[in-house]
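Since the structure comes first, as structure tokens, the remarks are kept for the end.
None of the figures in this text is laboratory data; all of them are computed from the coordinates on show. Since the structure is predicted, the reported quantities are computational estimates derived from the model, not experimental observations. In this analysis, Cβ positions are derived from the backbone assuming ideal geometry, glycine residues included, and neighbour counts consider all displayed protein chains.
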Amino acid sequence: MIGNKSLFLGAAIIIFFTFMALAAPFLTEYEPALIDGSNLLMPPSARHLLGTDSLGRDLASRIFYGARISLSIGILAVGVATVLGVFFGSLAAFYGGILDSLLMRLVDIMLCFPTFYLILGIAAITQPSVFNIVLIIGLTSWMQPARLIRSEILSLKEREFIQAAKAIGASNMRIILRHLLPNALGPVLVNATLGIGGAIMVESGLSFLGLGVQPPIPSWGNILMESKSTLGVAWWITVFPGLAILITILGFNFLAEGLKKKIG
Amino acid sequence: MEKILELRNISKVFSIERGLFKKEIGGLKALDNINLSLNEGAVCGLVGESGSGKTTLAKILLKLIPATSGEVWFNPNKITRLRKDVQIIFQNPYASLNPKMRIFEIISEPLVIHQIVPRHQIKDRVIQLLNRVGLDAMAFSRYPRQFSGGQRQRICIARALAAEPKVLVLDEPISSLDLTVQAEMLDFFILLKEKLELTYLFISHNLAVIKRIADYIYVIKEGKIVEEGTSWLIFDQPKHIYTQQLLASAKN
Amino acid sequence: MALLQIKNLNVSFLINGESLPVISGVNLNIGENETLVLAGESGSGKTITSLSITKLLPKNSVVTSGEVHFLGTDLLQLKESELCRVRGAEIAYVFQEPTSFLNPIFTIGNQLMEVIILHQGVDRDAAYSIAVELLRQTKLSSPERLMHSYPHQLSGGMNQRVFLAMSLACRPRLLIADEPTTALDVTVEAEILRLLKEFKDKLGFALLFITHNLSLARKIADRICIMYQGRIVEEAGVNDIFTAPRHPHTQKLLWAYEKIGRL
């Protein structure tokens with residue numbers, strides 16, 4: 001596995017941030033929401049490793065706890081999208097006919113909307129919460145996995161081992177679950193991994209605009225919200241969350257590339 | 001000798017579809033009014049070149065694809081469950097096994113689906129089947145990619161036999177294998193038939209192979225049966241010009 | 001004096017830093033206008049042997065030792081640029097799957113003319129007539145129309161005739177045919193073989209024919225070399241191979257041939 005550098009690098013980065021998220025309480029003594037009036041906008045120091053924000057909250061702590069939110073939203077949203085996409089896509093591909101035509105038209109229609117603005121619009125009119133964000137991103141990203149699994153299954157369907165499964169009496173459900181999906185999920189997995197990076201990006205964007213995760217719950221995006229007003233005086237509020245987002249997304253991209261090579 | 005199954009006036013047209021609602025705009029006639037009957041315990045040979053429709057015929061026989069018209073008849077006294085009593089071996093051993101399934105799972109699947117043996121006997125039955133096709137139990141946890149073409153074909157046979165079939169349809173089962181392996185497998189097929197009292201429909205373009213194994217022969221060309229008869233008759237006194245051409249090319 | 005002399009050829013695959021021998025100690029001679037059949041099962045090394053002659057080896061394989069003398073020159077010592085002049089012009093190949101070796105986005109005419117212009121140095125009009133004439137000689141009907149067709153529009157048999165035409169366009173001294181009829185129907189195969197024999201008699205070239213099908217070998221060979229696990233295990237005139245095989249692998253091949261290769 002070491003030979004596959006992308007896979008190794010990607011996995012390393014993601015393990016790093018996952019550890020950060022899980023071990024947050026042990027990595028810092030400060031509460032992420034703890035306001036400290038006497039230490040506003042302090043640059044990185046021995047006491048506050050990454051500095052403090054305009055309310056005196058420890059930035060490092062907010063980033064560690066923020067990892068929890070950003071990573072979980074990313075993974076859950078992609079989970080929703082993938083499950084939905086695989087469900088619709090595989091049924092459409094397997095049964096074909098009108099079902100397939102309808103689904104593909106639905107996909108085309110959904111793809112007409114510029115996704116980010118669609119999400120923005122929905123977020124603007126709904127209650128901002130972690131649950132809602134996961135749903136919104138999930139329900140607007142199922143098209144890609146659906147198309148991927150559909151094209152894989154369409155080509156697999158005619159392969160002899162599927163015909164053989166039919167010949168020995170396997171039911172449609174058995175064929176889909178035991179024969180088609182295990183062989184078709186490869187590209188979907190790669191796409192999902194990339195998608196997590198994308199979902200984190202979307203969540204950060206929403207939170208940055210104030211439509212996502214609401215403070216005091218920290219997310220990398222809403223930490224950046226402050227950076228708008230403090231850019232000149234407190235570079236650390238922009239740089240550190242920005243770096244976290246950048247490196248995490250890179251990590252998922254590397255992982256996806258590594259998986260792609262492995263699946264071949 | 002009783003008739004065990006029959007293809008009656010089978011025709012198959014592959015339609016070409018277009019548009020949102022998959023409207024039919026044309027067709028490819030793969031089979032044209034095929035009549036074929038298989039007697040219990042016999043080896044029926046189907047001789048045809050590529051594109052003749054022989055594989056389509058096999059798939060229609062097993063009801064893997066529907067015929068456009070005509071009937072596939074099974075003797076209700078002999079064949080009670082199609083998916084159990086009639087099995088097929090495909091041509092390409094590299095594509096007939098699920099690459100993500102272990103050999104044990106592949107062979108036990110028919111046992112599970114048709115509940116042929118109780119759960120606790122599945123393992124033993126799979127070992128038995130592996131031995132019958134000349135493989136040992138070490139194959140259990142391996143994947144298809146770890147086996148050669150000839151071995152994969154044997155695994156396919158074990159899978160087919162697991163269902164305890166009465167009829168075996170063999171679609172060019174040895175054509176993709178090396179010459180020496182072909183000869184071994186042919187002997188094996190002949191032995192298997194005797195031992196398990198099977199009925200075969202053996203499809204091949206290789207006349208020498210058909211001559212060795214088949215009792216009764218159908219010759220198919222471009223979707224039509226052009227000649228049929230006992231093996232002796234076909235090889236000694238071919239009547240249709242296509243049959244004569246095939247024999248001439250093979251001998252020349 | 002032999003046209004082609006392969007002396008002690010050794011080729012290995014390089015995988016993960018390890019060197020695995022593919023063919024060992026191969027010695028082979030072909031005389032002018034002779035038909036030599038290289039027979040063996042898949043994996044015996046016959047294709048690698050034939051490709052090594054003009055150093056057309058796949059990426060991870062390398063010639064570790066040996067000589068290939070063609071008309072007095074050791075081909076293995078030549079530079080790539082010099083070899084290019086030999087390939088196609090002096091030594092031509094015909095492979096199993098003509099459709100995958102013909103470029104799908106160019107017409108048949110285009111590809112034929114390209115070979116002719118490259119090796120015979122004539123202009124486009126002359127090349128066109130030569131190409132049409134070649135197609136006509138391969139007994140393809142309406143050669144003019146074929147010039148404007150694409151490979152996917154033709155059947156396997158027709159493409160193989162085109163490929164044959166391309167290979168013979170430059171009057172090579174040696175034609176290497178690697179399983180050229182394996183993917184074709186038995187009636188088409190008979191025609192292609194007949195065509196090959198006609199061309200050989202008319203143009204005069206040596207033929208190295210690779211196959212695993214002994215009944216085919218019997219029909220066309222002057223001599224047969226049997227390959228097994230990367231070595232040549234037996235070499236004899238066609239009649240001797242069938243009447244008095246010596247090596248156990250040859251005997252096994254013949255046993256199989258008797259069972260299923262012969263009507």
Only counting other Cβ atoms within 10 Å, I'd like C:Ser141, C:Ser61 sorted with the fewest neighbours first. C:Ser141, C:Ser61
Would you mind classifying region B:138-177 by shape? Square roots of the alpha carbon gyration tensor eigenvalues, ordered a ≥ b ≥ c; an a/c under 1.5 is rounded, otherwise it is prolate if a/b is larger than b/c and oblate if not. oblate
Rounded to whole Å, give me the distance from the Cα center of region B:109-178 to that of region C:20-40. 39 Å
Please order B:Asp136, B:Asp187 by the number of other Cβ within 10 Å, starting at the fewest. B:Asp136, B:Asp187
To check my understanding: the extent here is largest minus smallest coordinate of the Cα atoms along each principal axis. What are those three numbers for chain C, in Å, largest first? 54, 47, 40
Could you tell me which of rounded, prolate or oblate describes region B:103-172, using a ≥ b ≥ c as the square roots of the eigenvalues of the alpha-carbon gyration tensor, with rounded for a/c under 1.5 and, failing that, prolate when a/b is larger than b/c and oblate otherwise? oblate
Arrange A:Ser129, B:Ser249 by Cβ neighbour counts within 10 Å, fewest through most, would you? A:Ser129, B:Ser249
Could you work out how far helix B:122-132 tilts from the main Cα principal axis of chain B, as a 0 to 90 degree angle to the nearest 10? 60 degrees
Sequence-distant or interchain residues sharing an amide H contact under 5 Å with B:Ile88, placed H: which? B:Val169
Extreme residue, positive dipole direction of the protein assembly as shown, given options B:Leu64, B:Gly26, C:His148 (C-beta unit charges): B:Leu64
Among the listed pairs B:Lys3/B:Lys84; B:Lys63/B:Lys84; C:Lys200/C:Lys252; B:Lys29/B:Lys251, which are separated by more than 21 Å between their Cα atoms? C:Lys200/C:Lys252; B:Lys29/B:Lys251
If the convex hull is drawn through the Cα atoms of chain A, its volume per residue in Å³: 146 Å³
Only sites in a loop by DSSP and with at most 10 other Cβ atoms within 10 Å count here; which chymotrypsin sites (Phe, Trp or Tyr not before Pro) in region A:59-132 make the cut? none
Decide, for the protein assembly as shown, between rounded, prolate and oblate: order the square roots of the alpha carbon gyration tensor eigenvalues as a ≥ b ≥ c, take rounded if a/c falls under 1.5, and otherwise choose prolate if a/b is larger than b/c, else oblate. prolate
Answer with one residue from A:Val233, A:Pro187, A:Ala170: the one whose Cα lies farthest towards the positive end of the charge dipole of chain A, charges on Cβ with Lys, Arg +1 and Asp, Glu -1. A:Ala170
How big is the charge dipole of region A:153-264 about its Cα centre, in debye rounded to the nearest 20, if each Lys and Arg gets +1 on its Cβ and each Asp and Glu gets -1 on its Cβ? 540 debye
Treating only the Cβ of Lys, Arg, Asp and Glu as charged (+1, +1, -1, -1), what charge dipole size does region C:4-121 show about its Cα centre? Round to the nearest 20 debye. 160 debye
In nm, what is the difference between 0.36 nm times the number of residues separating A:Lys157 and A:Tyr117 and their Cα-Cα distance? 10.7 nm
Positive-end residue of C:Ser61, C:Leu207, C:Ile108, charge dipole of chain C with Cβ unit charges: C:Leu207
Calculated from backbone phi, Karplus (6.51, -1.76, 1.60) coupling profile of region B:55-66 in Hz, x at Gly/Pro: 5, 4, 4, 4, 5, 5, 4, 7, 6, 7, 10, x
Pairwise FRET efficiency - C:Glu18 versus B:Ile190, Cβ, R0 = 45 Å, nearest 0.05: 0.60
What angle, in degrees between 0 and 90 and rounded to the nearest 10, separates the Cα long axis of helix C:124-137 from the longest principal axis of the Cα atoms of chain C? 60 degrees
On C-alpha positions alone, give me the angle between the axis of helix B:149-162 and the longest principal axis of chain B, in degrees, nearest 10. 80 degrees
Can you list the GluC sites (Glu not before Pro) in region A:158-264 that are in a DSSP coil and have 10 or fewer other beta carbons within 10 angstrom? A:Glu158
Could you tell me the number of lysine pairs in chain A with C-alpha atoms less than 18 Å from each other, where the two lysines are 8 or more residues apart or belong to different chains? 4
